[in-house]
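Colleague: Got a structure for you, written out below as structure tokens; questions coming shortly.
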Amino acid sequence: MNPLLERLGGYPLAAYQDLKARMVGAGGPLHDFSIGDPIEPTPAFIRQALVDGVTEVSQYPTAAGTAPLREAVAGWVARRFGVIVDPDVHVLPTAGSKEAIFHLPLALVDPGGDRRAVLWGDPGYPVYERGQLFAGGDSDPVGLSDDNGWRLDLDALDPGRLRGACLAWVNYPHNPTGASVDLDFYRRALDTARAYGVVLASDECYVDVHPVGGPTPPSLLQAAGPDLAAPDLTGLVVAFSLSKRSGMTGYRCGALVGDPRLIAAQRLLRPNIGTASPEFVQQAAAAAWRDDAHAAHRRAVFDDKRRIVLSFLDKAGIRVGGSQATFYVWFAAPGGDDAAYAEALLRHRVIASPGRAFGAAGRGWLRLALVPDAAGCEQACARWGEAIESGALPGHG
Ligand SMILES: Cc1ncc(COP(=O)(O)O)c(C=O)c1O
């Protein structure tokens, strides 16, 4: 057996799913804000596109994906970011972004080389570390903090760390904190990554999930200027996903967009693995990337829920960090202990994720995924507020 399997001890949030299963049996409504897998329906036109794509004969999909899907991704990138990419050399459809994130280091890490380190932010999505470990790299987490807006500033790192790294992950809007960055952040990160020969990978699966009327999160692709009609994508790659944008977590569709050499390397790697999405899924994905109205509608839905929860936390005097975009709300544990507060909340049938589940630097914070509907958010907040008023839970952090 690969010793990593035992060392990593399963996927960190799996324990919460087990816990939820036990709580469901215990009766009464359960307000589950733990797993970032929303329950809003996939738009009907996307489901229909999938059904229409089921053919009598079904053959192996190719690693390069279908041309209409690559073109649909490039079309969205042009509309959303004003960046013109070539669907045939800059775009690679993936089966969601998780597998793409996990597999990227397999093509980038030389396990016998001296630049094996992969940089990623702590707290963060656990797959940056896991992909790199299975690829034979070295883990080099960078502690993030509220004082610095949960930003991973590459230019603030010791040059020695950059010289030992082959890949750096950034993820904004950020899971778990919901922190956002501006375009200047990406420009500085790209300058630094290029100066040290580090590939800069940006996980932007939440880029279309942001408050209505607020600032629209930028993409690393926009830092590839000055001419966005002919961008210089050298040394950068972005992972996009339809999971959050279009309510398609179960479909498994995303895309890598970036440096043609990196895309070509993934095209060489991926037929070995066999991760290409079925073509009927690719047809549904193309329909989703071509449409922006449904993504705007989903934003409005999450906006309502975000407003309910933020207003409750404000009234309760609980300090919020990040929370500028994504469908996560990130708050400081009243009393300071995230695990203890998560357990106490659970006794009132509200499930939040303790920040330490996302890395050591997440200690003292908790994440709420805005999964229950608006009425569920209201009920959970009412219950939580009663617990604070009765003294069963601490309020002010
Ligand atoms: C930061 C981040 N990246 C990537 C993913 C993977 O998403 P998917 O594989 O559904 O595209 C997730 C899922 O929760 C995530 O939170």
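Colleague: So, in the range 84-99, of the ones that are in a loop (DSSP other than H, G, I, E, B) and of a type in the set (Asp, Glu), which residue ends up nearest to Phe280 (Cα to Cα)?
Modeller: Across the range 84-99, the extreme among qualifying residues is Asp88.
Colleague: Quick check on the range 234-261: of everything there that is farther than 15 Å from Arg79 by Cβ, in contact with a Pro (Cβ under 9 Å, 6 or more places away or on another chain) and part of a strand (DSSP E or B), which residue is farthest from the ligand (Cβ to nearest atom)?
Modeller: Here the residue is Leu256.
Colleague: Separate question: Going by what's in this entry, would Ser311 be described as within 27 Å of Pro218 (Cα to Cα) and either free of Cβ contacts under 8 Å to residues at least 12 places away in the same chain or surrounded by fewer than 20 Cβ atoms within 10 Å (Cβ to Cβ) (or both)?
Modeller: When the stated conditions are applied, Ser311 passes them.
Colleague: Return only the number of the condition from (1) touching a Lys or Arg at 6+ places or on another chain (Cβ under 7 Å); (2) within 22 Å of Thr275 (Cα to Cα) that Ser58 does not satisfy.
Modeller: Checking Ser58 against (1) touching a Lys or Arg at 6+ places or on another chain (Cβ under 7 Å); (2) within 22 Å of Thr275 (Cα to Cα), the one that fails is (1).
Colleague: Among the listed residues Arg151, Arg79, identify the single one that is in a helix (DSSP H, G or I), basic (Lys, Arg) and either outside the structural domain of Ala224 (by TED's automatic domain parsing) or on the phi < 0 side of the Ramachandran plot (or both).
Modeller: Arg79
Colleague: Among the residues of the range 152-199, write down those that are under 17 Å from Ala117 (Cα atoms) and within 16 Å of the ligand (Cβ to nearest atom).
Modeller: Across the range 152-199, the qualifying residues are Leu152, Leu167, Ala168, Trp169, Val170.
Colleague: Can you pull out the residues in the range 357-377 that are touching a Lys or Arg at 6+ places or on another chain (Cβ under 6 Å) and closer than 17 Å to Pro173 by Cβ?
Modeller: If the condition is that a residue be touching a Lys or Arg at 6+ places or on another chain (Cβ under 6 Å) and closer than 17 Å to Pro173 by Cβ, then Gly362, Leu370 are the ones that fit.
Here's the yes/no breakdown for (1) part of a strand (DSSP E or B); (2) free of Cβ contacts under 8 Å to residues at least 24 places away in the same chain; (3) surrounded by fewer than 20 Cβ atoms within 10 Å (Cβ to Cβ):
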| site | (1), (2), (3) |
| --- | --- |
| Leu162 | no, no, no |
| Pro173 | no, no, no |
| Leu200 | yes, no, no |
| Asp232 | no, yes, yes |
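Colleague: Just to check your reading of the model, which residue among Ala276, Ala284, Ala265 is away from the ligand (no atom under 16 Å from the Cβ), over 14 Å from the mean Cα position of the chain (by Cα) and in the same structural domain as Ala63 (by TED's automatic domain parsing)?
Modeller: Just a single option satisfies the conditions, and that option is Ala265.
Colleague: Select from the range 220-244 the residues that are more than 18 Å from Phe102 (Cβ to Cβ) and among the hydrophobic types (A, V, I, L, M, F, W, C) and list them in ascending order.
Modeller: Of everything in the range 220-244, those that are more than 18 Å from Phe102 (Cβ to Cβ) and among the hydrophobic types (A, V, I, L, M, F, W, C) turn out to be Leu220, Leu221, Ala223, Ala224, Leu228, Ala229, Ala230, Leu233, Leu236.
Colleague: Which number in (1) of a type in the set (A, V, I, L, M); (2) in contact (Cβ under 8 Å) with a residue 60 or more places away in the chain; (3) away from the ligand (no atom under 15 Å from the Cβ) marks the one condition that Ala78 misses?
Modeller: (2)
Colleague: Restricted to the range 97-108, and to residues that are under 13 Å from Asp203 (Cα atoms) and crowded, with 23+ Cβ neighbours inside 10 Å, which residue is farthest from the ligand (Cβ to nearest atom)?
Modeller: Leu104
Colleague: Here are some residues: Asp208, Asp146, Asp182. Which one is among the acidic types (Asp, Glu), closer than 23 Å to Ser241 by Cβ, surrounded by fewer than 20 Cβ atoms within 10 Å (Cβ to Cβ) and under 19 Å from the mean Cα position of the chain (by Cα)?
Modeller: Asp182
Colleague: Which of the residues spanning the range 135-144 are assigned to a loop (DSSP other than H, G, I, E, B), more than 16 Å from the ligand (Cβ to nearest atom) and in contact with a Gly (Cβ under 9 Å, 6 or more places away or on another chain)?
Modeller: Gly136, Gly137
Colleague: For Gly124, indicate whether it is at pLDDT below 95, farther than 17 Å from Arg267 by Cα, of a type in the set (Gly, Ala, Ser) and assigned to a loop (DSSP other than H, G, I, E, B).
Modeller: no
Colleague: Here is a check on your reading of the model: is Val301 at pLDDT 95 or above, of a type in the set (Val, Ile, Thr) and in contact with an Asp or Glu (Cβ under 8 Å, 6 or more places away or on another chain)?
Modeller: Taking the combined requirement at face value, the residue satisfies it.
The values are calculated or read from the model by the stated rules, or taken from the named source; none is laboratory data. All of these numbers come straight from a predicted model, not from anything done at the bench. For neighbour counting, all protein chains shown are included, and Cβ atoms are generated from backbone atoms with ideal geometry for every residue, glycine included.
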